[in-house]
Amino acid sequence: MVSVLLIATLFATTAVPLAGAKEFVQPTYEFSTNYYDAYGEPDLYASVLGDTEFERGETAQVRVILSNRGVLYGFKAKTNVDTENGDHAKSLQELEYESLRTTAFGLKAEMVSTTDYIEVDPTTSIQTLDSLYPGVLPEDPMSFTITISDNAPAGVYMLLLPVDYEFQSQVEMTDGSTVRLGLPDLDHTKFYKTRNTTLQIPVIIEPAARFVVSDVEGNLTSGQSGIINVTYTNVGEVEATDAFARIVVMKPLSSDRSVVNLGNIAPGEGKTASFSLAAEISALEKDYGIDSEIKYRDEDGDLQFSDNIIVEVPLKSRDAGISITTLALVGIVLVAAYMGFNTIRRKDDKK
């Protein structure tokens, strides 16, 4: 048994590249003889190339390398043969073919997200490999595109990678009878089984400060200046130090001070920035969306900038009030003039 295993191991290291996946419908058992049963199957693992840490809002490539650690555990003789006849040579040849039992063929891997915070691009979610030999890594990694939500909490997420494949479950030697099937050169037949396994791919979302506008106080009137108080709350996981809030205004609004110092903002804490804004007389009455951002230093002391944060500022127009007053005065003047004109005309008629 030991000598048989040594011979099969030698075949596995020298003859594996010569074999390929199934290319035609295999003949049935009646056309072949089974000399040995082999034990062992493909054993698949996945590893990620590069960093597995990502930021919120990031679209990135996850490059995965599949590896096969399948091992042949041994063989069991099924048919006794005489060492002096041709069957012995066939049995040794079968050992060579049986060494491919741990090779995976026709692999299909599909990356699946188990959370709404991570989306897998459907155009890249399915990847395939023709074959995967034990101890031989693919030339190119599988590349999947993922997008991290802006609202994803920090932590470790597991993406699932179900992999379907086939492996050679049995090899039997033919005795030349396959010539009746139009396969005169076929000296062995192979039978396959399907397997599936689910691998896990870790994705780490880094903890960071993250800001939202939690309150806006004050309003503007066209043609006037006013103070708008904006409260920024850190809804992230780490403290933002030496933070500054900056707004970017465009016509019909303007500001003489667009940057306000907020100091340190701990997770869950809110700080209020007061901005002095002015509105042109022609500004329409509506809510104006003002772009803003927070500049701060993270826990490593590195300078960071938040995503764009919209501040909704209500503006009222004074044109409407002036117009009503003006119309009222004009109406009164016209009525008075009309009444005076009629009075004078009646006096003239009496004369």
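The values are calculated or read from the model by the stated rules, or taken from the named source; none is laboratory data. A quick note: this is a predicted structure, and the numbers were derived from the prediction, not measured. Ideal geometry is used to build each Cβ from the backbone, glycine not excepted, and the neighbour counts take in all protein chains shown.
Points to keep in mind about this one:
- Scanning the range 214-249 for residues that are of a type outside the set (Gly, Ala, Ser), over 17 Å from residue 299 (Cα atoms) and part of a strand (DSSP E or B) yields a total of 15.
- If only residues of the range 214-236 that are over 14 Å from residue 290 (Cβ atoms) and of a type in the set (Gly, Ala, Ser) are counted, the one that is modelled with the highest pLDDT is 214.
- Selection from the range 84-131 of residues that are basic (Lys, Arg) and within 26 Å of the chain's Cα centre (by Cα): 108
- Members of the range 250-266 that are in a strand (DSSP E or B) and surrounded by 14 or more Cβ atoms within 10 Å (Cβ to Cβ): 253, 254, 255, 260, 262, 264, 265
- Residue count, the range 254-273 (criterion: closer than 19 Å to residue 315 by Cβ and at pLDDT 95 or above): 1
- Checked against the criterion of being in contact with a helix residue (DSSP H, G or I) (Cβ under 9 Å, 6 or more places away or on another chain) and either over 16 Å from residue 279 (Cβ atoms) or among the polar types (S, T, N, Q) (or both), the range 247-261 has no qualifying residue.
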